[in-house]
Amino acid sequence: MIISFEGIDGSGKSTQAQILADRLEHEGRTVHLVREPGGTVVSEHIRSILLDVKSEIDPFAEMLLYSAARAQLVRTRLRPYRDAGDVIICDRFYDSTVAYQGGGRQIADLAWLDQFQLHVTGGLVPDRTYLIRVSTEIGMRRQQGRTADRMERLGSAFFDRVIKAYDDLAEKHSDRILLIDGDQPVDLIAEVVKADLAQLPAFLEGLG
Ligand code: ADP
């Protein structure tokens with residue numbers, strides 16, 4: 001099954017993705033934790049172009065680069081893992097492009113981008129998505145002390161639009177996306193994820 005974590009930078013996605021991966025591994029599951037963009041040699045090359053503060057990238061080209069990195073990751077790694085019955089945990093996937101390039105950059109209609117991502121992943125959609133929601137202010141505060149990459153340098157108005165687009169996605173795909181208040185202690189958020197997963201059919205099937 002595929003589980004993705006989404007949210008703005010500093011929301012706590014990576015923290016939660018790692019906690020979940022450790023827990024499931026401890027329980028004996030085969031787990032693959034992947035971060036986007038990246039996860040394959042080609043996708044990591046694309047990642048370095050995308051996050052380099054010296055790259056001047058046209059916004060539409062930026063969307064295609066994220067999508068290219070994802071297409072490579074899905075076809076060479078995620079699909080085979082999923083077919084083998086492994087658990088895949090994605091630190092960003094699919095919805096990030098709709099929220100960042102659609103909401104933040106406003107390069108295209110959100111619905112069109114959402115549909116386009118279906119082609120990028122060849123129809124592979126996460127079984128469950130945890131959207132960790134924090135305000136732009138909290139996200140920025142939590143990032144203090146780390147060197148901001150090209151995307152993290154975008155201003156607060158940009159992140160406000162990203163949050164709004166994520167909210168819209170959560171409403172549209174309420175069956176798949178669980179919105180979690182990220183302004184809670186790490187352990188509490190991990191508990192919400194744990195309790196939610198425990199009742200998901202796709203997760204329980206993997207136990208058999
Ligand atoms: P992201 O992957 O969304 O950018 P991280 O998981 O890297 O976010 O977390 C950003 C920073 O915030 C880290 O220093 C992390 O320890 C801290 N952090 C994560 N979750 C929480 C939380 N729920 N409450 C307070 N601080 C948190």
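The values are calculated or read from the model by the stated rules, or taken from the named source; none is laboratory data. These figures come from a predicted structure and were not determined experimentally. Glycine gets a Cβ as well: all are built from the backbone with ideal geometry, and neighbour counts include every protein chain shown. Protein only, heavy atoms only, side chains kept; ligands, DNA and RNA dropped before computing areas. Shrake-Rupley method; radii C 1.70, N 1.55, O 1.52, S 1.80 Å.
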Going by the conditions given, is Asp52 loosely packed, with under 15 Cβ neighbours inside 10 Å and under 27 Å from Gln144 (Cβ atoms)? yes
Being closer than 9 Å to Asp9 by Cβ and of a type outside the set (A, V, I, L, M, F, W, C) is the filter here, so list the residues in the stretch 136-162 that pass it. Gly139, Arg142, Gln143, Asp149, Glu152
Qualifying positions in the stretch 13-33 - within 13 Å of the ligand (Cβ to nearest atom) and either open to solvent by less than 20 Å² (accessible area, probe 1.4 Å) or assigned to a strand (DSSP E or B) (or both): Lys13, Gln16, Ala17, Leu20, Ala21, Leu33
Among Asp175, Asp183, the single one that is more than 16 Å from the chain's Cα centre (by Cα), within 27 Å of Arg79 (Cα to Cα), open to solvent by 20 Å² or more (accessible area, probe 1.4 Å) and acidic (Asp, Glu) is Asp175
For the stretch 87-130, what are the residues that are of a type in the set (Asp, Glu) and either in a loop (DSSP other than H, G, I, E, B) or buried (at least 24 other Cβ atoms within 10 Å of the Cβ) (or both)? Asp95, Asp109, Asp127
Within the stretch 131-161, considering residues that are of a type in the set (D, E, K, R) and in contact with a Ser or Thr (Cβ under 9 Å, 6 or more places away or on another chain), the one surrounded by the fewest Cβ atoms within 10 Å (Cβ to Cβ): Glu137
